[in-house]
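J.: Pasting a structure here, questions to come.
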Amino acid sequence: MYSRSLNQQMFRNYLLSFFAFVVLIVIAANAAQFRPPAVPLVACDPYFSIWSQADKLTDVNTTHWTGRAHRLTSMIRIDGKSYRLMGKDIPSAAPLPQTNLEVLPTRTIYSFAGQGISATLTFMTAALPEDLDLLSRPVTYLIWSAQSSDGKSHDVSVYFDASAELTVENLHSEVTHDCTKIEGLKVAKFGSVDQPVLATKGDDLRIDWGYFYAAAPDADSSSVIDGRELCASTWAATGALPDINDSKLSANSPATATIAAFTLKFGSVDAKQVTRWLMVAYDDEYSIQYMKQNLRPYWRRNGADMPALLKRCAAEFESVRVRCEKFDSELMADLVKAGGENYARLCALAYRTCFAAGKFVADANGQPLQFCKENHSNGCIATSDVFYPMSPQFLLFGPTLAKSFVVPFMNYAASERWKFPFAPHDLGTYPQANGQVYGDGERGVNNQMPVEESGNLLLLFGAISQMDGNANFAGLYWKQLEQWADYLKSKGFDPENQLCTDDFAGHLAHNVNLSAKAIVALGAFGRMCEMRGDKTKGAEFTTLAKLFAERWVKEARQGDHFRLAFDQADTWSQKYNLVWDRILGLNLFPQSAIRDEMNFYKRIQNKYGLPLDNRRGYTKLDWTLWTATLTQDRPDFDAIFQPVYLFLNETPDRSPLTDWYETGNARKVGFTARPVLGGVFLQMLYDRQVWQKWASRDTIKAAGWAAIPKSPKIVTVVPAADQVEAKWHFTTNKPDDNWSKPGYDDSTWKESAAGFGSKGTPGAVIKTTWRTSDIWIRRQFEIPATSPRLQLWMHHDEDAEVFINGVPAAHVRGFTASYEPIPLQPAGLAAIKSGTNLIAIHCHQTTGGQYIDAGFVEVENSE
């Protein structure tokens, strides 16, 4: 009996593997039909995220997801002549013709052919969700393969370089650099001189701390750090790198002029494929600041460092490659079964995009926490109405991933700092998760999203409880969940005038889709009550949800569909929040109502998709994919999805995938490479068997998370305007270059009290009105004794440069909503002396509120 069962299982596994293999062959054969708006190359986190924004890898230079140059370059040399494989900045090397592009969940594969050689360049990021050690590694393998296509042997080598601009925000910054060897690897490393760890927060930002690494097996490679033009032109002409001993770079060199270059030797290549590879990696050392505590990346939780990680990654290259190929095959097969080949292609593109829009870190107990970033919306970190649409990708792959982004959010919501009866919106501005900044933040109720965020969390806990088979995780935060359920009980059915996740559309009262979210969330809470053994409360909330659903169908109906708002006739909207009714098995809403909505959607959608609602022609890609799943009829899904796929192929905007675009002309409205793209995996959650298969592979089963970090002790040293009025000299006319130095004559400047700004700026203490684009301010201050714990106490809106005694001390981007401690750069801290000192600040304003003021504090236990 056992032998027969085992044989049957082996045969089933064989059939599944064979089917997955056939699916990949079919997808690869039709890959030319898919033209991604941009292609992920290195996709690890919001800072280490490099893309190609063209059809061919040689048509453009590679960029950061924000569009700023983050250049990687590659050439191939065939029988003494060089050809480009990646990048466009080497005019002496023509491109080798690109024949194919395939984007898979963990790999991007470019194919080339010419000069008697067939070649591939693969970018492999081991984003394997069942292995968080692998998933959290900031490492991408670049794999070159070549074989003869004309029956002859050819001499082949390849070139690769990476620019030090990957390590700086300010392109005028200098970098330190080093070439070394680590047990069988040649390694190149560079990073900014200043190293302002976690000092800057905001949206359109690149990292300016930590170190970039490139490493290749020693036996087949040579490497050098030198000037870009010298390395590329020398290799293109000769096939050799400049001599490392002849480098004219100084110890600290300009970032844009510095590269790490490698050459990999293939030797004589015939019909048998030859492969060479190297790794690129980024060690940020500290990744996220959570309630003023700097957290290590998850892969570093047990004391690992980058040299050790590179050695391990090199040793595991072949096994990781096999695992990635197997994972891609199996996942793509399941995606094809769920929604077709085109759906699988979209999910493959979204997969690394989603994971690269956040970071896995370790808490004080070594447990995984994930913080997502609102890329290209406002830069918020751990935003509820962003990780809500992101959640399907995390839910699919198990409870550890699903809980990783919920825990830090809930710890904040349960803390004494959050005093409202509804859920928070966010935890701060990436990478600083120090408390909500959206709307009134912790200060008031203006521009909050009470129904949206409360409903989001109840639904997520409902989904996690269903996956776990119990509500134990919800029990950790039951006080908050009960409070939010009670809030929705009184405020959820007919929402007051407020924002929802689609806040770009503005405030809306009586929002029908928001009402649907509240109703299903109440049903999910009732289910969790039952799981916890509270049958009475479970019945109460389940009954209430059913009554609300009945009212909703009657009061929202507009003939053959349902309205945008209860009180607005002749309107409509996508009802994407209804998806959880079926996924969670609540069955609150009649299928006839869902069928009416779907029929209406199919009739009124545009060429490139279904608009979000009747007010405008734009849509959200994530919500449209949710709406497509509502009936679970494949023809309905295809009808809603195919216009979205057409958008992917025809949009003229070549940037990493957006989720906000016009359905009439396929133009991007805004938003780039956001974590919400994980929402396209929602279709997979309807198949309980498939969901259970993937979720059951979670080997970590995280538990025992650390408590929220305690706030550091902050002691005022030099008070700012939030405590004591102080006079500054200021000007709004650009001064001479020496304006920040102690000997500068500022007698012609005006003198007035700080802070400087415009009325209505959140958290501002305005004593002097400032409305121009720039202001320069100076004052002397007294320090009784120097201290390594000294930090700025500053409120800035927007970008500010700070100098102490003429030495650059801080450079901050974006804005704060209140006074905050800001670390000083080492040189700035060293410039402070006991006695009289000078602080000088330049603040630049672009739009919205504006404000600048600063003092000094000592911060104890800030890590």
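The values are calculated or read from the model by the stated rules, or taken from the named source; none is laboratory data. Because the structure is a prediction, the values reported are computed rather than measured. With ideal geometry, Cβ positions are generated from the backbone for all residues, glycine too; neighbour counts draw on all protein chains shown. Accessible surface areas use protein heavy atoms only, side chains included; no ligands, DNA or RNA. Shrake-Rupley method; radii C 1.70, N 1.55, O 1.52, S 1.80 Å.
J.: Any residue in region 88-108 that is among the aliphatic types (A, V, I, L, M), open to solvent by 10 Å² or more (accessible area, probe 1.4 Å), more than 25 Å from Val320 (Cβ to Cβ) and in a strand (DSSP E or B)?
T.: So far as region 88-108 goes, yes, one or more of its residues are among the aliphatic types (A, V, I, L, M), open to solvent by 10 Å² or more (accessible area, probe 1.4 Å), more than 25 Å from Val320 (Cβ to Cβ) and in a strand (DSSP E or B).
J.: Also, quick follow-up: Please state which one of Lys741, Lys750, Lys759 is in contact (Cβ under 8 Å) with a residue 40 or more places away in the chain and at negative phi.
T.: Details: Lys750 fails: in contact (Cβ under 8 Å) with a residue 40 or more places away in the chain; Lys759 fails: in contact (Cβ under 8 Å) with a residue 40 or more places away in the chain.
Selected residue: Lys741, the only one of Lys741, Lys750, Lys759 that is in contact (Cβ under 8 Å) with a residue 40 or more places away in the chain and at negative phi.
J.: Residues to consider are Tyr438, Tyr487; find the one that is hydroxyl-bearing (Ser, Thr, Tyr) and farther than 22 Å from Leu547 by Cα. Even if it seems obvious, please write down each step before you answer.
T.: Working: Tyr487 fails: farther than 22 Å from Leu547 by Cα.
Checking each option against the conditions leaves just Tyr438.
J.: Still on this structure, I have one more. Kindly provide the set of residues from region 428-440 that are touching a Gly at 6+ places or on another chain (Cβ under 7 Å) and open to solvent by less than 10 Å² (accessible area, probe 1.4 Å), ordered by number.
T.: Gly428, Tyr430, Gly435
J.: Report, by residue number, each residue of region 648-673 that is out of contact with any strand residue (DSSP E or B) (no Cβ under 8 Å at 6 or more places or on another chain), open to solvent by 10 Å² or more (accessible area, probe 1.4 Å) and either more than 20 Å from Gly340 (Cα to Cα) or aromatic (Phe, Trp, Tyr) (or both).
T.: Pro652, Arg654, Asn665
J.: Tally up the residues in region 803-820 that are under 29 Å from the mean Cα position of the chain (by Cα) and either open to solvent by 20 Å² or more (accessible area, probe 1.4 Å) or of a type in the set (A, V, I, L, M, F, W, C) (or both), please.
T.: Going through region 803-820, the residues under 29 Å from the mean Cα position of the chain (by Cα) turn out to be 809-820.
Now restrict to residues that are either open to solvent by 20 Å² or more (accessible area, probe 1.4 Å) or of a type in the set (A, V, I, L, M, F, W, C) (or both): 809-815, 817-820.
Qualifying residue count for the region: 11.
J.: One residue is enough: does region 238-248 have a residue meeting the conditions in contact with an Asp or Glu (Cβ under 7 Å, 6 or more places away or on another chain) and at pLDDT below 95? Don't jump to the end; show me each part of the working.
T.: So the first thing to find is which residues in region 238-248 are in contact with an Asp or Glu (Cβ under 7 Å, 6 or more places away or on another chain), and the list is 242, 247.
Adding the requirement that they be at pLDDT below 95 leaves 242, 247.
Scanning region 238-248 turns up at least one residue that is in contact with an Asp or Glu (Cβ under 7 Å, 6 or more places away or on another chain) and at pLDDT below 95.
J.: Criterion first (surrounded by 19 or more Cβ atoms within 10 Å (Cβ to Cβ), at pLDDT 95 or above, in contact with a Lys or Arg (Cβ under 9 Å, 6 or more places away or on another chain) and of a type in the set (A, V, I, L, M)) does Leu625 satisfy it?
T.: no
J.: Condition first: buried (at least 23 other Cβ atoms within 10 Å of the Cβ) and within 16 Å of Lys292 (Cα to Cα). Now tell me which residues in region 414-427 satisfy that.
T.: Matches in region 414-427: Asp426, Leu427.
J.: Looking only at region 742-795, how many residues end up being surrounded by 14 or more Cβ atoms within 10 Å (Cβ to Cβ) and either part of a strand (DSSP E or B) or of a type in the set (Lys, Arg) (or both)?
T.: The total comes to 21.
J.: With the condition kept exactly as written, say whether any residue in region 823-838 is assigned to a strand (DSSP E or B), under 27 Å from the mean Cα position of the chain (by Cα) and crowded, with 18+ Cβ neighbours inside 10 Å. Write out each step before concluding.
T.: Of region 823-838, the ones assigned to a strand (DSSP E or B) are 835-838.
With under 27 Å from the mean Cα position of the chain (by Cα) added as a condition, the list becomes none.
No; the residues of region 823-838 include none that is assigned to a strand (DSSP E or B), under 27 Å from the mean Cα position of the chain (by Cα) and crowded, with 18+ Cβ neighbours inside 10 Å.
J.: What number goes with the only condition from (1) in contact (Cβ under 8 Å) with a residue 60 or more places away in the chain; (2) more than 22 Å from Asp194 (Cα to Cα) that Thr836 does not pass?
T.: The number of the failed condition is (1).
J.: While we're here: For residues that are more than 16 Å from Leu824 (Cα to Cα) and within 28 Å of the chain's Cα centre (by Cα), scanning just region 844-863, find the one that is surrounded by the fewest Cβ atoms within 10 Å (Cβ to Cβ).
T.: Once the filter is applied, the top-ranked residue is Thr847.
J.: Quick one: in region 586-601, which of the residues that are more than 32 Å from the chain's Cα centre (by Cα) and not hydrophobic (A, V, I, L, M, F, W, C) is surrounded by the fewest Cβ atoms within 10 Å (Cβ to Cβ)?
T.: My answer is Ser592.
J.: Taking into account only those residues within region 489-545 that are open to solvent by 10 Å² or more (accessible area, probe 1.4 Å) and among the hydroxyl-bearing types (Ser, Thr, Tyr), which is nearest to Tyr618 (Cα to Cα)?
T.: Among them, the one singled out is Thr501.
J.: Just to be sure, is Pro709 touching a residue at least 24 places away in the same chain (Cβ under 8 Å) and buried (at least 18 other Cβ atoms within 10 Å of the Cβ)?
T.: Numbers: touching a residue at least 24 places away in the same chain (Cβ under 8 Å): yes; buried (at least 18 other Cβ atoms within 10 Å of the Cβ): yes.
Yes; evaluated as a whole, the condition is true for this residue.
J.: Same structure again: Hey, Tyr645 hits all of (1) under 30 Å from Trp299 (Cα atoms); (2) open to solvent by 10 Å² or more (accessible area, probe 1.4 Å); (3) among the hydroxyl-bearing types (Ser, Thr, Tyr) but one; which does it fall short on?
T.: Tyr645 satisfies every listed condition except (1).
J.: Can you confirm whether region 184-195 contains a residue that is closer than 30 Å to Phe671 by Cβ and modelled with pLDDT under 95?
T.: no
J.: May I ask you to list the residues in region 300-318 that are farther than 17 Å from Lys189 by Cβ and open to solvent by less than 60 Å² (accessible area, probe 1.4 Å)?
T.: Glu316, Phe317
J.: Any idea which of Lys56, Lys152 is modelled with pLDDT of 95 or more, in a loop (DSSP other than H, G, I, E, B) and over 28 Å from the mean Cα position of the chain (by Cα)? If you could, list the steps in order and put the result at the bottom.
T.: On the way: Lys56 fails: over 28 Å from the mean Cα position of the chain (by Cα).
Of Lys56, Lys152, the one residue that is modelled with pLDDT of 95 or more, in a loop (DSSP other than H, G, I, E, B) and over 28 Å from the mean Cα position of the chain (by Cα) is Lys152.
J.: Any idea which of Val158, Val168 is over 25 Å from the mean Cα position of the chain (by Cα), among the β-branched types (Val, Ile, Thr) and open to solvent by less than 10 Å² (accessible area, probe 1.4 Å)? Let's see the steps before the verdict.
T.: Values: Val168 fails: over 25 Å from the mean Cα position of the chain (by Cα).
None of the others qualify; the one that does is Val158.
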